[in-house]
Amino acid sequence: MNSFSIGVDLGGTNLRIAAYTRASGLLETILLPTRLAAGRHAVVEDICSGVRKLLHTYSSQHYLAGIGIGTPGPLELPVGRLHSPPNLPGWDGFGLREEVESSLGMPVTVESDANVAALAECILGSGRTLGLSSLCMLTLGTGIGNGIILNGKIWHGVNGMAGEAGHVTIEPDGPACGCGSNGCLEMYASATAVRRIALDAAESGKAPAIAALAKRNPDFTTRDLSDLAEQGDPDAKRIFDGVGRALGIGIADLVNTLNLPLYVVGGGLANAWDLFSPALFAEVRHRSYVYRLTEPGRSVLNGGATNGTRIMSAELGADSGLLGACILPYTLNREKQGSALSS
Ligand SMILES: [Zn+2]
């Protein structure tokens, strides 16, 4: 009998619960709104009833490899407790893992959403395509999520809080960030930041096309803005140059620190890769001599391009968080097997 897993992608707006096999991918996905207003226990009950439904459907044909949950952080591990998550208001100090386990009566694995997205991109996306098992991923969304995968496993740090590169400093005296610092990367290169910068430009009176867009559609998206840039509007293009510049500064620091083979930019804003990547690469080349020494096609090192530093947009799209939650149990099983073999 083949195995299956269940993955839960808990977001501030949507809750997705899926059954998955390695041979067939996602078998069935349950999509629900995240009932934040009904309280966290109601959301846990929604998670558990979805999991029970999938267990009921698939347990007769497959055995369960495990249940993985991806959640917005900050998340303390291994206990699986949330600490003031900005996207889950009222959940401060909530022991998500304990609550779900006591309701289901079985163990679950909880991870931050950015970590599971990075895991999926490594094992099922660009990491698999390139034959690499380590990467650093930035997910550009409301904020900037970050996950670091080393040799096929999530790098957690001592408290489960590694991978907060969305909060590396780009401008010491820049705009105040929700984390308490100023001028963090996510103040320049998240979808939220791009909208804020565009609205500031519209209000300045010096960006007429952006002002017209904001007047026509006050809820304009980063996609609307990238359409404007692609049509040649210089003010919109400048905003994406700024996104690339900020990402390039942040990624140069990561390249200099980590020397990983692959850095991936994902999330909805990554659709504008062609607009912001020239400024990104110019900045990384300027600020990282590690990158200059290891850039594919230009590397002077032995091994050249095969051992180089690649920076690219993510292969997986909006399903990366859900897929990452689904494959989480398999990476844990492999860890157990590995330790059993080596001991
Ligand atoms: Zn910050």
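The values are calculated or read from the model by the stated rules, or taken from the named source; none is laboratory data. These numbers were taken from a predicted model, which means no experiment stands behind them. Note that we place each Cβ from the backbone using ideal geometry, even for glycine, and neighbour counts take in every protein chain shown.
For the range 25-51, taking the residues that are closer than 17 Å to ILE67 by Cα and of a type in the set (Ser, Thr, Tyr), the one that is surrounded by the most Cβ atoms within 10 Å (Cβ to Cβ) is identified as THR29.
State which residue is farthest from GLY70 (Cα to Cα) when the search covers only the range 1-24 and only residues that are among the aliphatic types (A, V, I, L, M) and in a loop (DSSP other than H, G, I, E, B).
Quick first cut of the range 1-24, residues among the aliphatic types (A, V, I, L, M) only: 1, 6, 8, 10, 15, 17-19, 23.
Narrowing the set further to residues that are in a loop (DSSP other than H, G, I, E, B) leaves 1, 23.
Details: MET1: 27, ALA23: 22 Å.
Step by step, filter the range 1-24, then rank; the result is MET1.
Every test in (1) touching a helix residue (DSSP H, G or I) at 6+ places or on another chain (Cβ under 9 Å); (2) not in a loop (DSSP other than H, G, I, E, B) is passed by ASP200 save one, and that test is (1). Within the range 27-38, does at least one residue satisfy the condition of being modelled with pLDDT of 95 or more, among the hydroxyl-bearing types (Ser, Thr, Tyr) and touching a Phe, Trp or Tyr at 6+ places or on another chain (Cβ under 8 Å)? Looking for residues that are modelled with pLDDT of 95 or more, among the hydroxyl-bearing types (Ser, Thr, Tyr) and touching a Phe, Trp or Tyr at 6+ places or on another chain (Cβ under 8 Å), one finds none in the range 27-38, hence no.
Within the range 194-215, if we keep just the residues that are among the aliphatic types (A, V, I, L, M) and in contact (Cβ under 8 Å) with a residue 24 or more places away in the chain, the residue that is farthest from the ligand (Cβ to nearest atom) turns out to be ALA209. Inside the range 99-120, residues that are of a type outside the set (A, V, I, L, M, F, W, C), over 10 Å from the mean Cα position of the chain (by Cα) and surrounded by 15 or more Cβ atoms within 10 Å (Cβ to Cβ) make up a count of 5. Of all the listed residues (VAL265, VAL243, VAL284, VAL255), the sole one being surrounded by 17 or more Cβ atoms within 10 Å (Cβ to Cβ), not in a helix (DSSP H, G or I) and not acidic (Asp, Glu) is VAL265.
So, in the range 168-186, exactly how many residues are of a type outside the set (D, E, K, R), touching a residue at least 12 places away in the same chain (Cβ under 8 Å) and near the ligand (Cβ under 7 Å from one of its atoms)?
4
All conditions but one from (1) in contact (Cβ under 8 Å) with a residue 40 or more places away in the chain; (2) under 17 Å from VAL116 (Cβ atoms) apply to ASN14; the one that does not is (1). ASP227 passes every criterion in (1) within 15 Å of ILE197 (Cα to Cα); (2) in a helix (DSSP H, G or I) apart from (1). Of all residues in the range 1-16, those that are in contact with an Asp or Glu (Cβ under 8 Å, 6 or more places away or on another chain) and either at pLDDT below 95 or of a type outside the set (Asp, Glu) (or both) total 4.
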